[in-house]
Amino acid sequence: MKPYKEANDRLYEIAGAQQGYFTAKQAIAAGYADNTHTFHVKSGNWIREYRGIYRLAKYPQPERPDLIRWFLWSRGHDDKPQGVYSHQTALSIYDLSDIMPPKIHMTVPPGFHRYGPIPKILVLHRSKLHPSETESMQGFRVTRPLRTISDLTRNGSVSGDFIKQAVTEALKRGLLSRSEIRKSTRLSKTARRKIAAMI
């Protein structure tokens with residue numbers, strides 16, 4: 001009984017940082033043998049959310065379970081998630097505009113690869129993100145407002161009105177500053193000029 005309790009405690013600690021979600025490899029690392037996973041699903045302890053992704057049945061359902069699920073989906077060979085929510089989805093997460101994207105936008109490293117088809121709900125953008133351009137939020141990562149706005153300015157897939165709304169709201173809420181825009185070394189001259197024109 002003691003080894004089971006220890007495994008259960010370790011799994012709850014792992015899942016607690018991911019709003020109740022965990023991967024099959026994380027369950028194994030916690031002490032649950034691979035051949036016991038089906039039992040825990042059938043007995044109602046775990047809920048299978050996607051291939052290799054589970055949720056603790058008794059853990060409160062998060063407000064945006066899709067963000068946890070697809071973040072864990074983006075894990076690499078080392079079982080560490082590679083994806084960062086970006087573009088329209090990042091705007092939605094920060095609630096910086098009225099935009100309601102029908103798909104989930106995620107930036108992944110240029111060499112990112114997953115076996116099988118990419119889920120239709122996802123739009124993947126390939127780019128190398130600097131750590132300073134992202135932040136952690138409740139079990140997933142998202143591009144910071146300046147990088148998000150820069151991506152959308154460069155991408156051209158969103159109306160300028162939405163981007164201007166996002167810039168205004170980010171400045172108002174202190175998520176972005178004029179100094180940050182002016183001093184950023186990661187913005188292209190074109191992006192800096194376009195964003196500055198919206199202030």
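The values are calculated or read from the model by the stated rules, or taken from the named source; none is laboratory data. Note that the coordinates shown come from a computational prediction; the quantities given were computed from them, not determined experimentally. With ideal geometry, Cβ positions are generated from the backbone for all residues, glycine too; neighbour counts draw on all protein chains shown.
Computed quantities for the displayed model
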read-out	value
Wholly enclosed strands (runs of 3 or more DSSP E) of the stretch 1-116 bearing at least 3 residues surrounded by fewer than 16 Cβ atoms within 10 Å (Cβ to Cβ) and in contact with a Ser or Thr (Cβ under 7 Å, 6 or more places away or on another chain)	none
Residue match in the stretch 140-158 (condition: crowded, with 19+ Cβ neighbours inside 10 Å, touching a strand residue (DSSP E or B) at 6+ places or on another chain (Cβ under 7 Å), in contact (Cβ under 8 Å) with a residue 40 or more places away in the chain and more than 19 Å from residue 195 (Cβ to Cβ))	yes
Residue satisfying all of: in the stretch 96-123; touching a strand residue (DSSP E or B) at 6+ places or on another chain (Cβ under 6 Å) and within 26 Å of residue 185 (Cβ to Cβ); modelled with the lowest pLDDT among these	110
Within the stretch 164-194, considering residues that are part of a loop (DSSP other than H, G, I, E, B) and among the basic types (Lys, Arg), the one farthest from residue 131 (Cα to Cα)	173
